[in-house]
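The values are calculated or read from the model by the stated rules, or taken from the named source; none is laboratory data. Just so it is clear, the model here is predicted, and its values are computed rather than measured. A quick note on method: Cβ atoms are made from the backbone with ideal geometry, for glycine too, and the neighbour counts reach across all protein chains shown. Just so you know, the surface numbers come from the protein's heavy atoms only, side chains and all, with ligands and any DNA or RNA stripped out. Shrake-Rupley method; radii C 1.70, N 1.55, O 1.52, S 1.80 Å.
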Amino acid sequence: MNGDTTYTIGELARRTGLTVKTVRFYSNQGIVPPADRNPAGHRRYGADAVARLELVRTLRELGLGLPAIRRVVERELTPADVAAAQAEAIDVQIRVLRLRRAVLGTVARLGSTPEELTLVHQLARLTEDERGHLIGEFLAGVFGRIGGGGTGGGGIGNGGRFAAVARSLTPELPEEPSVEQVEAWVELARLAGDTGFRALLRGLAEAEAAEAEAAEGVAGAVRTAAHVPRPGLAVAVRELAGPAVAAGVEPESVEAAAVVAELVERYGRWCAGAVPGDAGALRDRLAERLGAMADPRRERYLELLAVVNGWVAPESWAAEVNWAVRAVA
């Protein structure tokens, strides 16, 4: 094929695999102009039109619009410029699609109402600052002004008893979160907005602070989020109830009574002076604390937190706590 070869619009369409209508459209847009016209006035295209159309088809498949395609064809933009801009645009599209996927997945899993669908979508679209404000308000509502940690505005305070545990309960969504992380964030944010859940954690924190201040030899801080409401009680439940659960001991059995007696005795030592001294009142207080600890929302928050922050999933001890709840009741 030499430089004098020309093609009709039909021949050009067959050579490029495009339809005549498509070739005519690009021709009318000036992207693939005709080289000449025959005596009858029909358009004729030069050999370079084949290469142009191949380039146009490639750019269209990459998602470029006509203005950008025209600039590339006319060499106003280099392929490298186009590739960089298009890669950035694709990144934005990916983030949008992840967000949509996360919202739909959360709604499908939780069975949201139309009103909740709107809320879920809003939560997923929050900026980093907005997410921080939402969680900050939640944690201040749980731990603010407890154990000398108030800041005057309901804050937690750096020197407060629960400052460290509040920090460890803070979700930090990465810049490029996975669908699973966005889904976990949305569900976690919904939990943070649950006034009943906030009141539950607030009650646990207040009870912990009161008992810790009343007990002798109690360290002045909670060490980890997984041990809310108190390391001593949580560890005791696992140490005492764990073997009983593993051995299949029924909570209402005679064998369970010895475990309960030891648990009540330990709890009494830890919170001496914080609750009435008689055994009945102490056991009732322990049952109340265990019931709050057994609330599934508390453990679910920690599970979601691990997903959002990319941590190892926390070990569940729901079986031990539920066993203790039944045994102490």
Legend entry - Residues within the range 238-271 that are hydrophobic (A, V, I, L, M, F, W, C) and closer than 14 Å to A329 by Cβ, tallied: 7
Inset, instruction - Kindly indicate the residue of the range 193-212 that is in contact (Cβ under 8 Å) with a residue 60 or more places away in the chain and open to solvent by less than 10 Å² (accessible area, probe 1.4 Å) and also nearest to R298 (Cα to Cα) among those meeting that condition. - result: F197
Legend entry - Wholly within the range 1-90, helices (runs of 4 or more DSSP H) carrying at least 1 residues that are under 30 Å from E176 (Cβ atoms) and open to solvent by less than 60 Å² (accessible area, probe 1.4 Å): 48-61, 66-73
Inset, instruction - Please work out if L139 is modelled with pLDDT of 80 or more, in a helix (DSSP H, G or I) and under 30 Å from E206 (Cβ atoms). - result: yes
